[in-house]
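Inspection log for the structure reproduced underneath, given as structure tokens.
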Amino acid sequence: MKFKGTAWKYGDDIDTDAIIPARYLNTSDPKELAKHCMEDADVNFVRKVNKGDIIVAGKNFGCGSSREHAPIAIKEAEISCVIADSFARIFYRNAFNTALPILESSEAAKEISDADELEIDTEQGIIENLTTGKTYSVRPIPKFMGELIAVGGLVNYVREKIKGQKGK
Amino acid sequence: MGMTITEKILAAHCGQDKVSPGDLIMAKIDIALGNDITAPIAIKEFKSIGAAKVFDKERVVLVPDHFTPNKDIQSAEQVCTLRNFSREQDITNYFEIGRMGVEHALLPEQGLVVPGDVIIGADSHTCTYGALGAFSTGVGSTDLGAAMATGETWFKVPESIKFIFTGKLNKWVTGKDLILYTIGKIGVDGALYKAMEFCGETIDNLSIEARMTMANMAIEAGGKNGIFKADDITLEYVNARAKRPYKVYESDPDAHYAQVYEFDCKDIEPQVAFPHLPSNCRSISDVGNVTIDQSVIGSCTNGRISDLREAAEVIKGRKVAKGVRLIVIPATQEIYKQAMKEGLLDIFIDAEAAVSTPTCGPCLGGHMGILAAGERAIATTNRNFVGRMGSPKSEVYLSNPAIAAASAVLGRIGSPDEL
Ligand code: SF4
């Protein structure tokens, strides 16, 4: 998958409460969740991002609770991809399961600045910073995970797979 | 280069000869676990997938343990979802009240988890089963829903950190103290995403229950799993219970570790984790005067029979201090019965403790011993986050069972040596 968008930069340990505060969890409607995406990390987030933009963050992105509402909110806010130095492990799982592409790169996470224009190829594992001209090569999203994202997450993936088996 | 025990188990479950840290794999799972909080969502996802049958009715385990015996109408509805699903799917291992126990104490006891397994559970303390030489880890509800349908799940192979413990344990020091000490040293994200492998001469002599306590808290250091090799101590425990054949794996001598820590147990006193992080540890001699309102002995960390024995040994013939509540919760029915047989329940009740049927209860601030604002508890549980046992203005301190028992008698956090 290829994405192009503006980078919005955050620090270390952005927890799931910052991504989607618990006070909004009385609904699991993605549209409602998206309205409050990243609210406690950056109140202006939803207003400033455009479709396809990219979150760039430091270490341990998505730490805290196991709530799946976090990647859902980011995805529904039309963020195309999250790049971080590292992800907390349950967030990492939940991201792929809910079809949010994510890439790990310490170098890119450190060097990319707020508002840089990025171009990403998740299959090749390439992040190109169009603003600085620097290219980063990262571990690509493997084929299976790519498929997971392409079909819209784990539930869809497994549904298709089961249908296929029944058809045989 | 050789492989670690974690890498070997994962390789065997995805049909490869070798896996390396960072690889993403599809692995067969041996057990998929859910509880009364997480399984209802997983069941919803399972149905939305369009799956008709669970992958194996013997290998989906459902345990209503958090808000049970049902504390209110909502929790009763949650459990109903599990019960109906279990009936519909003819799930063998659905544990109704009366057979039930806290999930992570129950599964090993029932012989449902064995060495070499890959186990996922929609509960973060699923890492407990690493004590038996299995790979086990917590996941989200969607993961569980999908795994119940397919019998497989995806993993990123973790790097491993080796923790070597040497020397003899000091008096009153248990597995709980070793793991609290470790978390105190490396921090709550010290093992982020990694496998925590425990070994060394001290571990070789440690009981299986103490190992379960340690593996249980791997998540409190950010770990993906905690793991021990299965040795004679493990196999003696497993052989008496196992419902399935199993395979024992061991790390190669030339396996690669991201880090290696060595701890000399002569430096380790009983530990107390102060609010509000499990890493906020002090040695018992450095605690100072911390008065308490409640002491809780139980949970998937320390509600096993050896824990109750340790607490009873301390409290025998004594009384809980005036103004302090001591709540003792055997983690499973079997433990409850054994404690009764050994006269431990008499000891607790004579000391004026409340003894409860198995439940998670106060551990997650569910019921059965919630704290008011300004109250302070010492507990043998695993988390002391803000509001974990009740009011956001209450405080939880974590310790081993002997310290929790002694503190109940003293009315402040202290050691059995002070009695
Ligand atoms: S006893 Fe506590 S930590 Fe263990 S499963 Fe229950 S709520 Fe979770």
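The values are calculated or read from the model by the stated rules, or taken from the named source; none is laboratory data. Just so it is clear, the model here is predicted, and its values are computed rather than measured. Here the Cβ is made from the backbone with ideal geometry for all residues, glycine too, and neighbour counts use every protein chain on show. For accessibility, only protein heavy atoms count, side chains too; no ligands or nucleic acids. Shrake-Rupley method; radii C 1.70, N 1.55, O 1.52, S 1.80 Å.
Annotations
- Carbon/sulfur fraction of accessible area - chain B, other protein chains in place, 1.4 Å, %: 49
- Estimated FRET transfer efficiency (B:Arg87, A:Lys35; beta-carbon r; R0 30 Å; 0.05): 0.15
- For chain A: rounded, prolate or oblate by the Cα gyration tensor [a/c cutoff 1.5]: oblate
- Summary of packing: across the peptides B:341-353, B:249-261, the per-residue average of other C-beta atoms within 10 Å ranks them, highest first, as B:341-353, B:249-261.
- Heavy atoms of chains A and B lose about 2400 Å² of accessible surface on contact, summed over both sides with a 1.4 Å probe.
- Qualifying lysines (Cα of each under 19 Å from Cα of B:Lys337; at least 8 residues distant if same chain): B:Lys316
- Cβ neighbours within 10 Å from other chains - mean over B:129-139: 1
- Dipole of the stretch B:271-418 [Lys/Arg +1, Asp/Glu -1 at C-beta], most positive-end residue of B:Val386, B:Ala353, B:Asn289: B:Val386
- Once the GluC sites (Glu not before Pro) in DSSP loops with at most 15 neighbouring Cβ atoms within 10 Å are cut out of chain A, the longest remaining piece is A:1-77.
- Taken as entire DSSP H runs, the helices of chain B that both span 20 Å or more between Cα atoms along their own long axis and average -1.0 or more on the Kyte-Doolittle scale are B:73-89.
- For the protein assembly as shown: rounded, prolate or oblate by the Cα gyration tensor [a/c cutoff 1.5]: prolate
- Lys/Arg +1, Asp/Glu -1 at C-beta; the stretch B:5-263 dipole; positive extreme among B:Val102, B:Gln89, B:Ile29: B:Gln89
- Full-stretch length increase - B:Lys247, B:Met26 - with 0.36 nm per residue and alpha-carbon distance subtracted: 77.6 nm
- The stretch B:5-263: translational diffusion in µm²/s, Stokes-Einstein, Kirkwood Rh over Cα pairs, 4 °C, 1.567 mPa s: 70
- Evaluated with a Cβ-only charge set (Lys, Arg +1; Asp, Glu -1), the stretch B:181-320 carries a dipole of roughly 720 debye about its Cα centre, given to the nearest 20.
- Average beta-carbon neighbours from other chains, 10 Å sphere, peptide A:134-142: 1
- Hydrodynamic estimate: the Kirkwood radius of the stretch B:1-51 over Cα pairs, inserted into Stokes-Einstein at 4 °C and 1.567 mPa s, corresponds to D of 98 µm²/s.
- Restriction of the chymotrypsin sites (Phe, Trp or Tyr not before Pro) in the stretch B:58-140 to DSSP coil positions whose beta-carbon has at most 11 other beta-carbons within 10 angstrom yields no sites.
- With the highest mean first, a sort of the peptides B:393-402, B:72-81 on other beta-carbon atoms found within 10 angstrom per residue produces B:393-402, B:72-81.
- Computed E for B:Glu418/B:Ser48 - FRET, C-beta separation, R0 60 angstrom, nearest 0.05: 0.60
- Inter-chain shielding of A:148-160 (mean C-beta neighbours from other protein chains, 10 Å cut-off): 4
- Dipole magnitude for the stretch B:5-263: about 300 debye, using +1 per Lys or Arg Cβ and -1 per Asp or Glu Cβ, origin at the Cα centre.
- Residues of the stretch A:77-112 buried by at least 30 Å² on assembly (accessible area, 1.4 Å probe, chain alone as reference): A:Arg89, A:Ile90, A:Tyr92, A:Arg93, A:Asn97
- Considering only the protein assembly as shown, percent of DSSP beta bridges that pair antiparallel, nearest 5: 30
- Length-normalised contact order for the stretch A:32-106 - Cα pairs under 8 Å, 6+ apart - percent: 33
- Of interest is the spacing of the C-alpha centroids, which for the stretch B:293-364 and the stretch B:51-95 amounts to 27 Å.
- Residues whose placed amide H lies under 5 Å from that of A:Ile83, excluding near-sequence neighbours: A:Ile55, A:Val56, A:Ala57, A:Leu103
- Note on B:Lys53: lysines with a C-alpha under 25 Å away, same-chain residues under 8 apart excluded, are A:Lys161, A:Lys163, A:Lys166, A:Lys168, B:Lys28, B:Lys44, B:Lys243.
- Within straight-line cross-link reach of A:Lys35, lysines at Cα separation under 20 Å, skipping those fewer than 8 residues along the same chain: A:Lys9, A:Lys48, A:Lys51, A:Lys75
- Residue-normalised accessible area of the stretch B:271-418, given per residue in Å² at a 1.4 Å probe: 36
- The protein assembly as shown - charge dipole about Cα centre, Lys and Arg +1 at Cβ, Asp and Glu -1, debye rounded to 20: 1240
- Charge dipole of the protein assembly as shown about the Cα centre (unit charges at C-beta), most positive-ward option of B:Gly223, B:Gly145, B:Ile183: B:Gly145
- Over chain B, relative contact order from alpha-carbon pairs under 8 Å, at least 6 apart, %: 18
- Relative contact order, percent, the stretch B:258-330 [alpha-carbon distance under 8 Å, six or more residues apart]: 29
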